[in-house]
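The block underneath contains the structure these notes are about, expressed in structure tokens.
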Amino acid sequence: MAERENRRGGRRDRDEAPEFADRLVAINRVSKTVKGGKRFGFAALVVVGDQKGRVGFGKGKAKEVPEAIRKATEQAKRQMIRVQLREGRTLHHDMHGRWGAGKVVMRTAPEGTGIIAGGPMRAVFEMLGVKDVVSKSIGSQNPYNMIRATMDGLRKEQSPRSVAQRRGKKVADILPKRDDAPAASAQVAEEA
């Protein structure tokens, strides 16, 4: 008996400190007309992330709102992807994402810019842990398509380390040399 209580207590402790944050993006109420009147159902769209580079989204349908949210959250946790972030705050490079009629553009941003994104895209970036990004949704304003297009773009992201590993080179060989640009411009100024 004491063993069971300990096991339950351990499970309860784990649930009290969740490792994932979640954000409810949209709730849709649908109705079905039947002989006695109308039956309502709810569809929920939830984004889940650890705010350290992992994010996922899910949708759930049920007769009650809390049940729909629970189903969506469980699905989101199962479908999480990992995204490499530069300096833990922004994307490594500019990206385009597309899903159906939903198109999104995501760009890296200097420190202090903040998250410039609308509605569903903002939820994805906040749950991902991005601090600085500029993004624009072009096309469909449907939250489902916007989130799927955003996730499509994030899946395309590649860090310099992964590219270097795939090519069999060093990271320094792949990244552009930033020290040469000021020296070259100073040399051109001296010649003129």
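Near the amide H of Arg86, within less than 5 Å, lie the amide hydrogens of Leu91, His92, all on another chain or at least 5 residues away, with H placed in the peptide plane. Our summary of shape: the Cα atoms of region 2-170 have principal axis extents of 65, 53, 31 Å, ordered from largest down, in whole angstrom.
Placing unit charges on the Cβ atoms of the charged side chains and taking the dipole of region 2-170 about its Cα centre, the candidate lying farthest along the positive direction among Pro110, Ala123, Asn142 is Asn142.
Going through region 107-173, which trypsin sites (Lys or Arg not before Pro) have at most 14 other Cβ atoms within 10 Å and a DSSP loop state? Mind showing how you got there, number by number?
Values: sites: Arg107, Arg122, Lys131, Lys136, Arg148, Arg155, Lys156, Arg161, Arg166, Arg167, Lys169, Lys170; in loops: Lys131, Lys156, Lys169, Lys170.
Those satisfying the criteria are Lys156, Lys169, Lys170.
Under 5 Å from the amide H of Ser140 lie the amide H atoms of Gly102, Lys103, each residue being 5 or more positions distant or on a separate chain, with H modelled from the backbone and absent for Pro and chain starts. Take every Cα-Cα pair in region 32-115 and report what % of them are more than 15 Å apart. So the portion of pairs separated by more than 15 Å is 71 percent. Neighbour counts of other Cβ atoms within 10 Å put Met80, Met106 in the fewest-to-most order Met80, Met106.
Counting other beta carbons within 10 Å of each residue's own, what order do Ile81, Ile174 fall into, fewest first? Working shown, then result.
Numbers: Ile81 15, Ile174 12.
Going from sparsest to densest Cβ surroundings: Ile174, Ile81.
In order along region 33-44, phi translates into HN-Hα couplings of 8, 10, 4, x, x, 10, 10, 9, x, 10, 10, 10 Hz, rounded to whole numbers, per the Karplus curve 6.51 cos²θ - 1.76 cosθ + 1.60 with θ = phi - 60° and x for Gly and Pro.
Rounded to whole Å and ordered largest first, report the semi-axes of the equivalent ellipsoid of region 33-82 derived from its Cα gyration tensor (root of 5λ). Could the numbers behind the result be given before it?
Details: eigenvalues 181, 10, 8 Å².
Here the semi-axes work out to 30, 7, 6 Å.
Where a number appears in this text, it was derived from the coordinates with a stated rule and is not lab data. These numbers were taken from a predicted model, which means no experiment stands behind them. Neighbour counts run over all protein chains shown; Cβ positions are idealised from the backbone, glycine included.
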